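> The structure is given below, and queries will be raised subsequently.
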Amino acid sequence: MQRAMRLLERVAEHEYGAPAKQLARETGLALPTAYHLLRTLVHEGYLRREKGLFFLGEAAERLSSREAQQKRRSTVVDALARWRDAIGVPVYYAMYRDGEIEVMCVSDTPGNPAVEEWADFRETAHAHAIGQCLLSQLDEEARRDHLDRYPVRPVTPYTVRDGNALMKRLESMRRIAPVVERQEYALGTVCAAIPITVGTTAATMAISLPLQQADRLLPAAQRLQDEVGRLLGSLAISISI
C-alpha cells in the first residue's frame with residue numbers, strides 16, 4: 001500500500017504524465033515491482049495509461065476532490081470555533097444554494113447554546129436573521145420565487161406579518177449592515193446576521209443571544225463582521241463548502 005501511494009504521489013507531480021521507468025527510478029522501486037503496482041492502479045481506476053505514460057485516473061481525482069472539500073470545511077469549522085470562543089456567542093454559517101436556505105455549520109457550547117431549530121429553517125427564512133440576510137442579497141425575482149414556495153406565516157407574535165412587509169424590509173436593508181431579528185423566530189432570543197458575498201454566492205455568518213443579553217447583540221455582530229473581514233480573503237474558496 002505504501003509503495004502504491006508513493007507511485008500515486010509521483011504521478012501527481014507530473015502534469016504531462018510519466019513512463020514506468022521514470023516512476024520506478026523516482027520511487028526507488030524495482031522496475032518489475034513498479035510495473036505490477038502501476039497495472040493494479042490502472043485496473044482500480046486510480047491511474048490511466050496513455051501512449052506509455054501514466055496519469056491520475058478518475059478514482060484518484062475523486063479522492064483528491066473529497067480531501068479538498070474536507071479541508072475547506074475544516075477551515076470554516078475552525079474559524080467559527082475561534083470566533084465562538086473569542087466573542088462568547090454561538091456562530092452560524094449559512095448559504096443560499098439552489099433556491100434553498102442551507103445552514104452549513106453551527107458552532108456553540110453548552111454555556112452558549114445555539115437556537116433550537118423548532119421550525120424548519122428552510123421554510124421560515126422570513127422569520128430569522130439568517131434567512132432575511134440571505135434573501136436581502138437576492139434580486140427581487142429570486143426573493144419572490146422563494147416566498148411563493150415558502151409563504152410568510154406567523155412563527156411568533158413578533159414575526160413579520162405578510163410578504164409585502166417583508167419585501168419592503170429587505171429592500172431597505174443596507175448591503176453591509178448586520179440584519180437584526182428580535183424574537184421573530186424564537187421567543188426569548190435575538191439574532192444578528194452579517195452578509196457575505198463572494199462572486200455569486202450569497203452567504204452569511206450569524207450569532208444569537210438570549211433576550212436578556214440583547215445589549216450585547218450589535219457589538220458582538222460588529223466584532224464578528226470585523227473578524228470575517230480580516231479573514232475573508234483566505235475563506236473565499238472555503239465558504240462554498
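The values are calculated or read from the model by the stated rules, or taken from the named source; none is laboratory data. In this text, all values refer to a predicted model and were calculated from it rather than measured experimentally. Using ideal geometry, Cβ is built from the backbone for each residue, glycine included, and neighbour counts are taken over all protein chains shown. Please note that ligands, DNA and RNA were not included when accessible areas were found on the heavy atoms of the full protein model with its side chains. Shrake-Rupley method; radii C 1.70, N 1.55, O 1.52, S 1.80 Å.
> Once you have the Cα-Cα distance between TYR158 and GLU117, take 0.36 nm times their residue separation minus that, and quote the gain in nm to one decimal.
13.1 nm
> Next question. On the accessible surface of the chain, probed at 1.4 Å, how many percent belong to carbon and sulfur atoms?
Carbon and sulfur atoms account for 50 percent of the accessible area of the chain.
> Additional query: Work out from phi, with θ = phi - 60° and the Karplus expression 6.51 cos²θ - 1.76 cosθ + 1.60, the ³J(HN,Hα) of each residue of the stretch 133-138, listed in order in whole Hz, and give x for Gly and Pro.
3J(HN,Hα) across the stretch 133-138, in whole Hz: 5, 5, 5, 5, 8, 8.
> Give, in whole angstrom and from largest to smallest, the semi-axes √(5λ) of the equivalent ellipsoid of the chain, with λ running over the eigenvalues of the Cα gyration tensor.
Equivalent ellipsoid semi-axes, largest first: 49, 20, 14 Å.
> What does the extension gain come out to for HIS36 and LYS21, with contour length at 0.36 nm per residue minus their alpha carbon separation?
4.2 nm
> Under a plain spin-label model, where a point goes 7 Å from the Cα along Cα-to-Cβ, how far apart in nm are GLU140 and ILE176?
Result for the modelled spin labels: 2.6 nm.
> Given labels modelled 7 Å from the Cα in the Cβ direction, how far is it in nm from LEU218 to ARG230?
Inter-label distance under the simple model: 2.3 nm.
> With a 1.4 Å probe and all protein chains left in place, how much accessible area per residue does the chain have, in Å²?
55 Å²
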